[in-house]
């Protein structure tokens, strides 16, 4: 049977080396292809893995599809530049031995493993031929990476010429896993994967496109430089809320935590950074910031306790993070500031998380603790810039992981 609802970790050992959290089709901050979907297209997507091995597989998601998703063909290859791939590295992917497959509505599946050696921090290109009309596409809205589309069948192309359309979202691709022919997990040890779970700050909003400057990237690089490399997986969704579902910003954190974090192959630790949207949407008049109820610190803490219980039931270490300063942003107001302070004090002092990371203090302006330091501010006073994301990675005491 195909793994259609959950990625299995029995049998050959696999470690998640890259991940993205699926979302329902929606309009985004930038144009995307999710609502129209695909018909007779080849889709090429580039991602960077944080663990290596001599075998690779992909995970595909049709979680928000209303009809079967037909994959006419799929390949994986090492990336050369843009939509071009390294000659001699293109591998045809199969699904229980078949080159084509249909993923049921609301389903997920993993490909068979293929012999493709990957090193940590190497970019890999996944190409899907979508010969039939897909309807609205399950996707990840904000990738901060370029994806490519071509008319017709181009899964085996080495060059980039046919791929003349671009998008900054990922479609159907939920993960890349690595392993070894001998059944080991590549350079990853059993259950040492770290998942970063949260909203746009985790997702990497305002980081440099195609440069891998999210805080998940910076943390993986820091771990490798200290001689303790571990897979670091990004489970952020821009605009996500702990307590409420959103048409634009995904299922609430308490609903998606299992699928997007705890179910990933090899996960051992989750770092949770989420809540600014729960307390800040009600301060803004932006039309997309819905739902926007006024959320108390007690309600937000209750949501985080749900996440803590779920992780501990699975034997996963769970690390909490204080919310970043939000002064001067469209999320800021007297009530939001008060709730943020109360929540951060709970994270620091309650002991309910296994450990915590204090991003509030690490990124605060020394002259005004309510605001992000100017050197770390992307300009909207809410999201860090590349330097700010690097500072977040430096703020983590690696022992808490």
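The values are calculated or read from the model by the stated rules, or taken from the named source; none is laboratory data. This is a predicted model, so every value here is computed, not measured. Methodologically, a virtual Cβ is constructed for each residue, glycine included, from the backbone with ideal geometry; neighbour enumeration extends over all protein chains shown.
Which members of the stretch 362-372 meet the condition of being touching a residue at least 12 places away in the same chain (Cβ under 8 Å) and more than 22 Å from residue 317 (Cβ to Cβ)?
If the condition is that a residue be touching a residue at least 12 places away in the same chain (Cβ under 8 Å) and more than 22 Å from residue 317 (Cβ to Cβ), then 363, 364, 365, 368, 369, 370, 371, 372 are the ones that fit.
If I ask for residues that are crowded, with 17+ Cβ neighbours inside 10 Å and either on the phi > 0 side of the Ramachandran plot or touching a residue at least 60 places away in the same chain (Cβ under 8 Å) (or both), which ones from the stretch 81-101 would you list?
If the condition is that a residue be crowded, with 17+ Cβ neighbours inside 10 Å and either on the phi > 0 side of the Ramachandran plot or touching a residue at least 60 places away in the same chain (Cβ under 8 Å) (or both), then 83, 84, 85, 90, 95, 101 are the ones that fit.
Picking from 285, 341, which residue would you name as being modelled with pLDDT under 95, more than 25 Å from the chain's Cα centre (by Cα) and either within 19 Å of residue 383 (Cα to Cα) or outside any strand (DSSP E or B) (or both)? Walk me through it before giving the result.
Values: 341 fails: modelled with pLDDT under 95.
After applying the criteria, what remains is 285.
Give 112, 182 a once-over and let me know the one that is at negative phi and either under 20 Å from the mean Cα position of the chain (by Cα) or at pLDDT 95 or above (or both).
Details: 182 fails: either under 20 Å from the mean Cα position of the chain (by Cα) or at pLDDT 95 or above (or both).
Being at negative phi and either under 20 Å from the mean Cα position of the chain (by Cα) or at pLDDT 95 or above (or both) holds for just one of 112, 182, which is 112.
Could you check the stretch 66-80 and list, in sequence order, the residues that are part of a loop (DSSP other than H, G, I, E, B) and without any contact (Cβ under 8 Å) to a residue 60 or more places away in the chain? Break it down stepwise before answering.
Here is the first cut: in the stretch 66-80, the ones part of a loop (DSSP other than H, G, I, E, B) are 66-68, 72.
Within the stretch 66-80, just 68 meets the criteria.
May I ask you to verify whether residue 132 is farther than 22 Å from residue 193 by Cα and either in a loop (DSSP other than H, G, I, E, B) or modelled with pLDDT of 95 or more (or both)?
Numbers: farther than 22 Å from residue 193 by Cα: yes; either in a loop (DSSP other than H, G, I, E, B) or modelled with pLDDT of 95 or more (or both): yes.
Yes.
Kindly state which helices (runs of 4 or more DSSP H) lie completely within the stretch 192-277 and contain at least 3 residues that are surrounded by fewer than 24 Cβ atoms within 10 Å (Cβ to Cβ) and either out of contact with any strand residue (DSSP E or B) (no Cβ under 8 Å at 6 or more places or on another chain) or not assigned by TED's automatic domain parsing to the domain that holds residue 167 (or both).
On the way: elements: 200-203, 215-225, 253-257.
It comes to 215-225, 253-257.
Does the stretch 37-54 hold any residues that are surrounded by fewer than 23 Cβ atoms within 10 Å (Cβ to Cβ) and farther than 26 Å from residue 161 by Cα, and which are they?
If the condition is that a residue be surrounded by fewer than 23 Cβ atoms within 10 Å (Cβ to Cβ) and farther than 26 Å from residue 161 by Cα, then 52, 54 are the ones that fit.
For residue 349, indicate whether it is more than 26 Å from the chain's Cα centre (by Cα), without any contact (Cβ under 8 Å) to a residue 40 or more places away in the chain and in the same structural domain as residue 318 (by TED's automatic domain parsing). Even if it seems obvious, please write down each step before you answer.
On the way: more than 26 Å from the chain's Cα centre (by Cα): yes; without any contact (Cβ under 8 Å) to a residue 40 or more places away in the chain: yes; in the same structural domain as residue 318 (by TED's automatic domain parsing): yes.
Yes: the conditions hold for residue 349.
Would you point out which residue out of 305, 335, 309, 314 is surrounded by fewer than 20 Cβ atoms within 10 Å (Cβ to Cβ), out of contact with any strand residue (DSSP E or B) (no Cβ under 7 Å at 6 or more places or on another chain) and under 26 Å from residue 378 (Cα atoms)? Full working, then the answer.
Values: 305 fails: under 26 Å from residue 378 (Cα atoms); 309 fails: under 26 Å from residue 378 (Cα atoms); 314 fails: under 26 Å from residue 378 (Cα atoms).
Checking each option against the conditions leaves just 335.
In the stretch 374-394, what residues are free of Cβ contacts under 8 Å to residues at least 12 places away in the same chain and surrounded by fewer than 19 Cβ atoms within 10 Å (Cβ to Cβ)? If you could, list the steps in order and put the result at the bottom.
Within the stretch 374-394, the first condition is being free of Cβ contacts under 8 Å to residues at least 12 places away in the same chain, and the residues that meet it are 374, 377.
Correct list: 374 only.
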